[in-house]
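This report refers to the structure that appears directly beneath it.
Every read-out reported here was derived from the displayed coordinates using simple, explicitly stated rules and does not represent laboratory data. This is a predicted model, so every value here is computed, not measured. In this analysis, Cβ positions are derived from the backbone assuming ideal geometry, glycine residues included, and neighbour counts consider all displayed protein chains.
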């Protein structure tokens, strides 16, 4: 069932990339957009420590980039590239004492897991700047010990669901910020080495209500 759900979600989003404009001229003028493309990236993620050195134990070494196409004034499709390094299970939620566990290190992996992937997204403008987004990101996983030596490989599908507000900046509205909250869940994450798997099995396969801010440029 999970595989079927993922395949259907991919198919629906990919079909948006292939669609052509079949509306009449008047409708086309109504839905005309000023900028066809946009590029954005996360500027602030509350669960990511600020100011830590790149090689710090808790630094996620996160890099994320979105390239999107405005189909019209309501529908936006995109490609997402992301890579990050986890030092503890993602499924430790706020009510599990996430911040306390970050401070004590009680749930840290015996190393790190690097997750990298390219996925797809669909964003729908709901009302004025209010929007909802769904993203599907297949990821390759590389498990490493504390010395940085590779000890295993894995795969997971990371899905996230966003609710936010788009704020244009400047006279030509070329720049923008998007404060938002998102929730995520993941599937097929089942090939973790010993030590990693025991910790993953303790916690959930989802995380709820992560606030963040994205910034971007239209062109």
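Taking 18 Å as the cut-off, the amide N atoms of the range 80-119 that come nearer than this to a point 7 Å along the Cα-to-beta-carbon line of residue 208 belong to 90-99. Per the Cα gyration tensor, the range 47-111 maps to an equivalent ellipsoid with semi-axes of 31, 15, 10 Å, ordered largest to smallest.
With contacts taken as Cα pairs under 8 Å at a separation of at least 6 residues, the range 52-110 carries a relative contact order of 27 percent.
Working out 0.36 nm times the residue gap between residue 39 and residue 103, then minus their Cα-Cα distance, what length gain in nm do you get to one decimal? Please report the intermediate quantities before stating the final value.
Working: separation 64, 0.36 × 64 = 23.04 nm, distance 3.41 nm.
Full-extension gain reported as 19.6 nm.
Pairs of alpha carbons in the range 144-219 separated by more than 21 Å make up 52% of all such pairs. Each of 157, 113, 217 has some number of other Cβ atoms within 10 Å of its Cβ, and from fewest to most they run 217, 157, 113.
Which value in nm describes the separation of the simple spin-label points at residue 197 and residue 94, placed 7 Å from the Cα toward the beta carbon? Label-label distance for residue 197 and residue 94, simple model: 3.4 nm.
Taking only the Cα atoms of the range 66-146, the ratio Rg/Rh comes out at 1.13, with Rh defined as the Kirkwood radius.
What FRET efficiency would be calculated for the residue pair residue 142, residue 79, taking the C-beta separation as r and a Förster radius of 22 Å, to the nearest 0.05? About 0.50, to the nearest 0.05. Under the simplified labelling scheme, the residue 155-residue 64 pair shows an inter-label distance of 2.4 nm, with each label point 7 Å from Cα along Cα→Cβ.
In which sequence would 214, 206 go, from the one with the fewest C-beta neighbours within 10 Å to the one with the most?
With the fewest neighbours first, 214, 206 line up as 206, 214.
Computed over the range 65-219, the Cα gyration tensor eigenvalues convert (square root of 5λ each) into semi-axes of 33, 17, 14 Å, ordered from largest to smallest. As a proxy for reagent exposure, 196, 87 were ordered by neighbouring Cβ count within 10 angstrom, fewest first; the result is 87, 196.
The distance linking the range 204-219 with the range 95-138 is 7 Å (Cα centroid to Cα centroid, whole angstrom).
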